[in-house]
Structure formats: structure tokens, C-alpha cells
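Notes for the one structure printed next.
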Amino acid sequence: MKLERPQWPENKKCSAMITINLNAELFWLQLDPTCKDMPKTLSLGQYGMTRGVDRILEILDERKIRATFFTPGWVAEQYPDKVKAIVEQGHEIAALGYHHEHMALLTEEEQDEAMKKSIHAIENVCHVTPKGFRSPEGELTLDTLRIAKENGLLYSSNLCDDDRPYWKNVGSDEILEIPIHWVNYDLPYFAFNYHPAFPAGQGRIANYTGVLNNWKDEFYGCHEYGLCYVLQLDPAAIGAPGRIGLLEELLDYIDEFDGVWWATGTEMYAYYQTLKEREGK
């Protein structure tokens, strides 16, 4: 059976999104709350905000690509100048919880509170209202996306069940899901710490060339089948001097292909909403 190809604006062959998770120190704090007293471990996340973000922004600016920065409310409050600079350069700020909550372990009321707090923090700092949601811990409940939609969040980028955006039922409503895949996420390849141990078992940092080849192969497949390529980055991982070149090489590789539609999450939502209205659904 021949798979139906998605339609993209201006008859483009495929779509691509760059998404950045601004976890900062919160990634390590959620592994072990006692990290609040471990400046070395906290510095792993702080590095992404002090150095990594600027390197990413420079590369995106050179190529006129706008990205979506999933941002915890706490990070927006702790790094207001950095987050404002992201907005000023034309990028999108989306929600990533408030304090890196594990949504699957929270009640519906606690999830609702975390989302509201996240949205309000971003609004107060950036003067923009986030439209997208990614679960901080990568896990969620059946109610999480419904709660997100009830709080005015229009799209989600959490699930791994497709390779093109689709409308997901959330109770009596729908939210646009923009699927992700772990192979296109830098943190599992590059994050490393002794205590708390990450990854478990003290695995070593991945070979850079192998990671780049993985990303290229995944993009090639998305272009070949006309799908949506979503890259996930953490500034602390990709932003190191020896790794930022991977992003440059990947974007140079993608630039060799015709018909790539670069989109932010909100632009993706707007396009799918237009298709939906055109089809009268």
C-alpha cells in the first residue's frame, strides 16, 4: 500500500523544525533535588544558557531559520535577558512546564497549576503568549494534552507515534500533535555526569560523526517520503565548541535539498488549521 504524502505549503517536498529545550539547571535538579547544593552539576545546565544559546542563535541567524524554544517558566524568570533576546531575534517561545515537573506523576489540578504558572511566567518576561507545549520530563497522562488545550495551548510536540503532524482528540476538542523521535535529540547522545549518574550505568558520550550521520539519514528519509523532520536540541549539549559544528554541518546538508519548508510550531499549527478549515472539518 502506498503511503499518502502530506501536503506542504507552496508544494514543498517536506517540512523541518528546529526545537530547543531550554532546560538549564532544571534537567539535573529533576534527577536529584540535592543538586541544588552541587555547583559543578548545576554548571552543566548553566553552560547552555551562558554560552550554548548564543552559538545556536548565531547559526540560525546566519541561515535565516526561525526555531521554537520550549522554555520552562522558571528558566524565563531566571534568565530574562537571554529569553528576551530569543524573542527579539524572531524565534518562538513555547511552554515546557514551570519547574521541569513530571506531569505523569501529578494530579490534574497540579498539572493545570503548573501550566498556568508556566504561561504566566513567559507572558510576564517576554510579553508573548506561548501556543505550544512539550512535557518537561517527556512523559504525560491522557489528561495532560486536554489540560494544555484548555489553557490555550494549540499544539503539542510530545508523542512518537507518527512522522507527520496530526490532530489528536483531547476530550471534546483537538490539539495538533507534532511528533518527535529520540534519534533526533542531542541530549541522549551527549549528556553525561558522574553524580547523579547520567546516563545510568555511566555510558560514554557518543561519537560526533555517528550522531551527525544519524541526523542526516533521518532527514534524508523525511525528505524522500515527504514528512516532517523535527530536531530537538539542548544548548548545554549542542552548544559546546566541538559540537556546534554538527548543527552547522546538518543545516548545510539540508540546504542541498530542494523543497524544504522551515517552520516554527505556531506556523505548523496555522498551516494545519488552514487545511482543516479548507476541508470543512
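The values are calculated or read from the model by the stated rules, or taken from the named source; none is laboratory data. These numbers were taken from a predicted model, which means no experiment stands behind them. With ideal geometry, Cβ positions are generated from the backbone for all residues, glycine too; neighbour counts draw on all protein chains shown.
It is to be established whether one or more residues within the stretch 84-95 are over 16 Å from the mean Cα position of the chain (by Cα), of a type in the set (D, E, K, R), at negative phi and surrounded by fewer than 14 Cβ atoms within 10 Å (Cβ to Cβ). Yes: one or more hits.
Residue pairs whose Cβ atoms lie under 7 Å apart, separated by 6 or more positions or on different chains, with the first residue in the stretch 206-231 and of a type in the set (Val, Ile, Thr) and the second not in a loop (DSSP other than H, G, I, E, B), are Val211/Tyr189; Val211/Leu246; Val230/Met17; Val230/Thr19; Val230/Asn184.
Looking only at residues in the stretch 244-275 that are of a type in the set (A, V, I, L, M, F, W, C) and not in a helix (DSSP H, G or I), the one that is farthest from Tyr155 (Cα to Cα) is Phe257. Among the residues making up the stretch 50-83, those that are under 18 Å from Pro136 (Cβ atoms), outside any loop (DSSP other than H, G, I, E, B) and in contact with a Leu (Cβ under 7 Å, 6 or more places away or on another chain) are Phe69, Phe70, Thr71, Trp74, Val75. Taking Tyr229 as the residue in question, decide whether it is among the hydroxyl-bearing types (Ser, Thr, Tyr), closer than 19 Å to Arg66 by Cα, at pLDDT 95 or above and in contact with an Asp or Glu (Cβ under 9 Å, 6 or more places away or on another chain). Answer is yes for this residue. Only residues that are surrounded by fewer than 12 Cβ atoms within 10 Å (Cβ to Cβ) and among the hydrophobic types (A, V, I, L, M, F, W, C) were counted across the stretch 1-49, and they come to 2. Could you tell me how many of the residues in the stretch 13-31 are polar (S, T, N, Q) and in a strand (DSSP E or B)? So the count comes out to 3. Among the residues of the stretch 151-166, the ones that are in contact with a strand residue (DSSP E or B) (Cβ under 9 Å, 6 or more places away or on another chain) and either of a type in the set (Ser, Thr, Tyr) or exposed (fewer than 15 other Cβ atoms within 10 Å of the Cβ) (or both) come to 6 in all.
Phe219 meets each of the listed conditions (1) at pLDDT 95 or above; (2) over 19 Å from Tyr269 (Cβ atoms); (3) loosely packed, with under 14 Cβ neighbours inside 10 Å apart from (3).
In the stretch 65-76, the condition of being modelled with pLDDT under 95 and either surrounded by 23 or more Cβ atoms within 10 Å (Cβ to Cβ) or in contact with a Ser or Thr (Cβ under 6 Å, 6 or more places away or on another chain) (or both) is met by no residue. Please determine, by comparing only the residues of the stretch 124-139 that are modelled with pLDDT of 95 or more and part of a loop (DSSP other than H, G, I, E, B), which one is surrounded by the fewest Cβ atoms within 10 Å (Cβ to Cβ). The residue in question is His127. Pairing each residue of the stretch 105-117 that is over 15 Å from Gln30 (Cβ atoms) and modelled with pLDDT under 95 with any residue that is of a type in the set (Phe, Trp, Tyr) and not in a helix (DSSP H, G or I), provided the two are 6+ apart or on different chains, yields no C-beta distance under 9 Å.
For the stretch 29-44, check the following and say yes or no: at least one residue is closer than 21 Å to Val230 by Cβ and under 19 Å from the mean Cα position of the chain (by Cα). Checked against the condition, which is being closer than 21 Å to Val230 by Cβ and under 19 Å from the mean Cα position of the chain (by Cα), the stretch 29-44 yields no hits at all.
When we screen Ile93, Ile86 for residues that are assigned to a strand (DSSP E or B) and in contact with a strand residue (DSSP E or B) (Cβ under 8 Å, 6 or more places away or on another chain), the only hit is Ile93. Just to verify a result, which residue in the stretch 113-172, among those that are in contact with an Asp or Glu (Cβ under 7 Å, 6 or more places away or on another chain) and small (Gly, Ala, Ser), is nearest to Gly265 (Cα to Cα)? Filtering the stretch 113-172 for residues that are in contact with an Asp or Glu (Cβ under 7 Å, 6 or more places away or on another chain) and small (Gly, Ala, Ser), the one nearest to Gly265 (Cα to Cα) comes out as Ser156.
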